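Encoded as structure tokens, the structure appears first; notes follow it.
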Amino acid sequence: MNSQPAGFIVRVMAMIYDALVVLGIWVFTIVILVTIRGDAVIGAWVQSLLFIELFAFFTYFWIKRGQTVGMLAWRLRIVSTEPMSLRRVLLRFIGALLGAACLFLGYVWILFDGERRSWSDLLSGTQVVRDPKPPKPS
């Protein structure tokens, strides 16, 4: 069962899935905070909490499964010569943030890299691959 490097479109689709899951987590968090406080919640502390939730989401899934919810839906997984560690996840997360902050150039990079790696892949020494479709049961 040979896995091929994941292409740009499927990776974007997986990112959209993940964004929807994270958005749901954030909405839930804000609703809880507004309910407890009885008023709007604003400020750096709220932004910091949401950022920590974002990091925790990716850290959990990348370390535990090697794939996020969106990656699972599109049959993508992270591969590396070494196990996913907190250091590797942090590098991958920083690469993802930089890639997004630079007008998503870090992800467009997939189109030009011979091994279809994004900046987060390059920085963390990982690669995202797409597993072939499982055979249909007979």
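Quick notes on this one:
- The stretch 1-71, accessible surface, carbon-and-sulfur percent (1.4 angstrom probe): 73
- At an R0 of 22 angstrom, the distance between the Cβ atoms of residue 87 and residue 19 translates into a FRET efficiency of 0.30.
- Annotation for residue 112 and residue 60: the two label points, set 7 Å from Cα along the Cα-Cβ direction, are 3.6 nm apart.
- Using 0.36 nm per residue and subtracting the Cα-Cα separation, the extra length available between residue 41 and residue 69 on full extension is 7.2 nm.
- The stretch 52-115: relative contact order in percent, alpha carbon pairs under 8 Å with at least 6 residues between: 25
- In angstrom, the C-alpha Rg and Dmax of the stretch 44-93 are 12.1, 38.
- For the chain, accessible area per residue (1.4 Å probe, heavy atoms of protein chains only), Å²: 64
- FRET efficiency estimate (nearest 0.05) - Cβ-Cβ, residue 30 to residue 9, R0 41 angstrom: 0.85
- From its DSSP helices (H runs of at least four residues, each -39,500 (n - 2.57)), the chain gives a residue-normalised ellipticity at 222 nm of -19000 deg cm²/dmol.
- Efficiency of FRET from Cβ geometry, residue 98 and residue 49, R₀ 25 Å, rounded to 0.05: 0.70
The values are calculated or read from the model by the stated rules, or taken from the named source; none is laboratory data. Being a predicted model, the structure only gives us computed values, none of them experimental. Cβ atoms come from the backbone with ideal geometry, glycine included; neighbour counts cover every protein chain shown. Ligands, DNA and RNA are excluded from the accessible area calculation, which covers all protein heavy atoms including side chains. Shrake-Rupley method; radii C 1.70, N 1.55, O 1.52, S 1.80 Å.
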